[in-house]
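Asks: Got a structure here, written out as structure tokens. Questions coming.
The values are calculated or read from the model by the stated rules, or taken from the named source; none is laboratory data. Note that the coordinates shown come from a computational prediction; the quantities given were computed from them, not determined experimentally. Here Cβ is always computed from backbone atoms with ideal geometry, including for glycine, and neighbour counts include all displayed protein chains. We work out accessible area using only protein heavy atoms, side chains counted, and drop any ligands, DNA or RNA first. Shrake-Rupley method; radii C 1.70, N 1.55, O 1.52, S 1.80 Å.
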Number of protein chains: 2
Amino acid sequence: MASFLLPDRCALSPMAEAVAARTLPPLRRAHSYGFQPPVAIPCRPLGLAAARSIASHSSTLSAVAPETTAKVIDGKLVSNQIKDEVTAEIARMKNAIGIVPGLAVILVGSRKDSQTYVRNKKKACEVVGINSYEVNLPEDITEEEVVKHIASFNDDSAVHGILVQLPLPRHMKEENILNAVNIGKDVDGFHPLNIGCLAMQGRDPLFVPCTPKGCMELLHRYDIEIKGKRAVVIGRSNIVGMPVALLLQKENATVSMVHSYTKNPEEVTSQADIVISAAGVANLVRGSWIKPGAVVIDVGINPVDDAETPRGYRLVGDVCYEEACKVASAITPVPGGVGPMTIAMLLSNTLGSAKRIHNFN
Amino acid sequence: MASFLLPDRCALSPMAEAVAARTLPPLRRAHSYGFQPPVAIPCRPLGLAAARSIASHSSTLSAVAPETTAKVIDGKLVSNQIKDEVTAEIARMKNAIGIVPGLAVILVGSRKDSQTYVRNKKKACEVVGINSYEVNLPEDITEEEVVKHIASFNDDSAVHGILVQLPLPRHMKEENILNAVNIGKDVDGFHPLNIGCLAMQGRDPLFVPCTPKGCMELLHRYDIEIKGKRAVVIGRSNIVGMPVALLLQKENATVSMVHSYTKNPEEVTSQADIVISAAGVANLVRGSWIKPGAVVIDVGINPVDDAETPRGYRLVGDVCYEEACKVASAITPVPGGVGPMTIAMLLSNTLGSAKRIHNFN
């Protein structure tokens, strides 16, 4: 698949193919099946549209579809709520102290996927009333030049959040670039000082990374209890798996991490009341991995071939939705689950930063 | 019990008494039993002396005592090996570049336990050839004054490691004091930037906290495989539980954390191939919690009343040694297990710091 299909900033640490090979039956390609949603097709996510169509037959969000039992956790809906809240807060701050939050995005090179994500972020900023600043730099620019641009945004009082679009060109060391971002404007929350504060009891990071924060927000807004629950996080990337495990632990879940060296991922996962999968492997998590009644948050956005779609592929999660939704009590669809939450959290972090910098409550 | 009995820097986040109350039979006080080691007495650790006496009947460290199966992991022995190695390296560095590592310890107030620990560290420095610098400050000194002393050590080229003895007087904010230590001299490894790098893949902290590093060193020196094993860490303090979980994960164990909100600590723990307990609750971990053949590292050093000892108390671990040693394949005794490793790792970190600062390999 073309690389531009990878999810925004979701360069997840790859759950080694070996794991998939050990634990998975061969991927069922869509073109092996006639796709007639919402008729059940093994390991084919219903997608949000189908789930909504099902939900529309019921009066509440917890609508139960034929052959499904799980409540659909609607990330699109929640992200829109959050954007509305952010919009209102930005208006209130502007009226009260005349400050408008600003987000600077630095894009190096001309990857199509990165350009798309940057464009989407810019649009989202416009919608909620955040000023966005964009710098596009050529692929062959030096690390030092990128750092200069970051330093300039660090000093710019109109900028409250700085985001360097990843991945960077190979000749750059990501660590050197990300460390240059002023920790007070690190709206991505990737600085090790932020991660350290996330890990430590009694400390709070200035920013929580956007996708993990989005997962927690979904759990909170759907009133899913975390304290005392067993949680399993699949995948341990710096940007999703590891920080979301730390967040679950901060809220007093009993957390286990499953990764490519885990010998019995199914057994470990099946003990969890809450499963958050951020492995980046299509259909890794089968129905048999899910404890009946568990809550499933699927961070994966994986392209699989589908000759029947106009683009020749469709996006599926890490979780075999069709199987899992019969076992879980609640589940996020892909797309329409965690995906829309990432940008919503970025907007929220940028607002939070402006509030902190200007001491506005 | 008097507070000076608490272990050095082991102000572990208390595993809530509720857990103990839920899961433990009443503590069996020593004075309820006639203590005749090595005769088996429920939940009474043999102690290193008894274990050694047993081991002396066999030709190897893996000696099997009557009624025990576990290899005794001898922290005293390993810590002495490490001290010998540090001594040799310090001599080599001094000969080669004329540099002697220096460790500065700041003690605020006059707690008897803290004075003892500082004295022990000073002695250990002398033994291996590290120059030690000590500042004793009155209990009622201000935070600013302590920070000034730290700043002075930060600037002192003869000092390669700075350690602020904890706990600090109540009027000080630990965070403000510890953050003042130059990260390049933070031999305790408690700075959030160090913890963040510990948590992140692809990053390495400048220093690994001493007790967690000591636990890992014991596993390494006893050739205990970590990769792919299930590990359970009991307790999630900033200074032991959380960092040791991150270290186990960095070495590709499948890690679960058990803490005061864990509903079924026995069930979770009994799935582990490696158990590291740092809860600070005497005899919390019973034999039934241990999977047959598991490796048990007991970080707890808990005083329990014992009228038959000259001091009226004895030290026991978190693990009911006498039960666990019949189930585990290897276990650390208390005392004589993890305890001696902490200072050994502090010396090793100070040497490592001097080598890095002077670019000596």
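Asks: For B:Gly196, indicate whether it is buried (at least 23 other Cβ atoms within 10 Å of the Cβ) and either part of a helix (DSSP H, G or I) or without any contact (Cβ under 8 Å) to a residue 12 or more places away in the chain (or both).
Replies: For B:Gly196, the condition - buried (at least 23 other Cβ atoms within 10 Å of the Cβ) and either part of a helix (DSSP H, G or I) or without any contact (Cβ under 8 Å) to a residue 12 or more places away in the chain (or both) - is met.
Asks: Give just the number: which of (1) surrounded by fewer than 16 Cβ atoms within 10 Å (Cβ to Cβ); (2) modelled with pLDDT of 95 or more; (3) within 11 Å of chain A (Cβ to nearest Cβ) does B:Glu144 not satisfy?
Replies: Of everything listed in (1) surrounded by fewer than 16 Cβ atoms within 10 Å (Cβ to Cβ); (2) modelled with pLDDT of 95 or more; (3) within 11 Å of chain A (Cβ to nearest Cβ), B:Glu144 misses just condition (3).
Asks: For residues in the range B:218-239 being of a type outside the set (D, E, K, R) and facing another protein chain (nearest Cβ under 8 Å), which is surrounded by the fewest Cβ atoms within 10 Å (Cβ to Cβ)? Let's see the steps before the verdict.
Replies: Restricting attention to the range B:218-239, the residues satisfying the condition of being of a type outside the set (D, E, K, R) are B:218-220, B:222, B:224, B:226, B:228, B:231-235, B:237-239.
Those still in the list that are facing another protein chain (nearest Cβ under 8 Å) too: B:228, B:237-238.
On the way: B:Gly228: 16, B:Ser237: 23, B:Asn238: 21.
Once the filter is applied, the top-ranked residue is B:Gly228.
Asks: Kindly establish whether B:Ala272 is surrounded by 23 or more Cβ atoms within 10 Å (Cβ to Cβ), outside any loop (DSSP other than H, G, I, E, B) and of a type in the set (A, V, I, L, M, F, W, C).
Replies: When the stated conditions are applied, B:Ala272 does not pass them.
Asks: Is it true that some residue in the range A:156-174 is free of Cβ contacts under 8 Å to residues at least 40 places away in the same chain, within 14 Å of chain B (Cβ to nearest Cβ) and touching a helix residue (DSSP H, G or I) at 6+ places or on another chain (Cβ under 9 Å)?
Replies: Yes, the range A:156-174 contains a residue that is free of Cβ contacts under 8 Å to residues at least 40 places away in the same chain, within 14 Å of chain B (Cβ to nearest Cβ) and touching a helix residue (DSSP H, G or I) at 6+ places or on another chain (Cβ under 9 Å).
Asks: Let me ask another. Mind telling me which of the residues A:Arg356, A:Arg311 ends up being open to solvent by 10 Å² or more (accessible area, probe 1.4 Å), in a loop (DSSP other than H, G, I, E, B) and of a type in the set (Lys, Arg)? Quick ask: steps written out before the conclusion?
Replies: Details: A:Arg356 fails: in a loop (DSSP other than H, G, I, E, B).
Just a single option satisfies the conditions, and that option is A:Arg311.
Asks: While we're here: Which of the residues belonging to the range B:178-193 are open to solvent by less than 30 Å² (accessible area, probe 1.4 Å), among the aliphatic types (A, V, I, L, M) and either at pLDDT 95 or above or in a loop (DSSP other than H, G, I, E, B) (or both)?
Replies: The first filter runs over the range B:178-193 and keeps only residues open to solvent by less than 30 Å² (accessible area, probe 1.4 Å), leaving B:178, B:180-181, B:184-192.
Retained after the next criterion (residues that are among the aliphatic types (A, V, I, L, M)): B:178, B:180-181, B:187.
The answer is B:Ala180, B:Val181, B:Val187.
Asks: Which residues, taken from the range B:204-217, are open to solvent by less than 20 Å² (accessible area, probe 1.4 Å) and within 14 Å of chain A (Cβ to nearest Cβ)?
Replies: Answer for the range B:204-217, where residues must be open to solvent by less than 20 Å² (accessible area, probe 1.4 Å) and within 14 Å of chain A (Cβ to nearest Cβ): B:Phe207, B:Pro209, B:Pro212.
Asks: Consider B:Gly161 carefully, then state whether it is surrounded by fewer than 20 Cβ atoms within 10 Å (Cβ to Cβ) and modelled with pLDDT of 95 or more.
Replies: On the way: surrounded by fewer than 20 Cβ atoms within 10 Å (Cβ to Cβ): no; modelled with pLDDT of 95 or more: yes.
Spelling it out, it is not the case that B:Gly161 is surrounded by fewer than 20 Cβ atoms within 10 Å (Cβ to Cβ) and modelled with pLDDT of 95 or more.
Asks: Same structure, new question: Does B:Asn194 qualify as being over 22 Å from the mean Cα position of the chain (by Cα) and among the polar types (S, T, N, Q)?
Replies: Answer is no for this residue.
Asks: I would also like to ask the following. How many residues does the range A:91-130 contain that are under 16 Å from A:Ser353 (Cα atoms) and open to solvent by less than 70 Å² (accessible area, probe 1.4 Å)? Steps first, please.
Replies: In the first step, residues of the range A:91-130 are kept if they are under 16 Å from A:Ser353 (Cα atoms); the result is A:91-94, A:97-105, A:125, A:128-130.
Then keep just the ones that are open to solvent by less than 70 Å² (accessible area, probe 1.4 Å); that gives A:91, A:93, A:98-105, A:125, A:128-130.
Here the count works out to 14.
Asks: Using beta carbons and a limit of 6 Å, which pairs, at least six apart or on different chains, have the first residue in the range B:249-275 and more than 9 Å from chain A (Cβ to nearest Cβ) and the second one part of a loop (DSSP other than H, G, I, E, B) and open to solvent by 20 Å² or more (accessible area, probe 1.4 Å)?
Replies: Once the first residue is more than 9 Å from chain A (Cβ to nearest Cβ) and sits in the range B:249-275, its partners that are part of a loop (DSSP other than H, G, I, E, B) and open to solvent by 20 Å² or more (accessible area, probe 1.4 Å) give B:Ser270/B:Lys291; B:Asp273/B:Lys229; B:Ile274/B:Lys229.
Asks: Looking at B:Val281, is it in a strand (DSSP E or B) and either modelled with pLDDT under 95 or more than 14 Å from the chain's Cα centre (by Cα) (or both)?
Replies: Details: in a strand (DSSP E or B): no; either modelled with pLDDT under 95 or more than 14 Å from the chain's Cα centre (by Cα) (or both): yes.
Judged against the criteria, B:Val281 is not a match.
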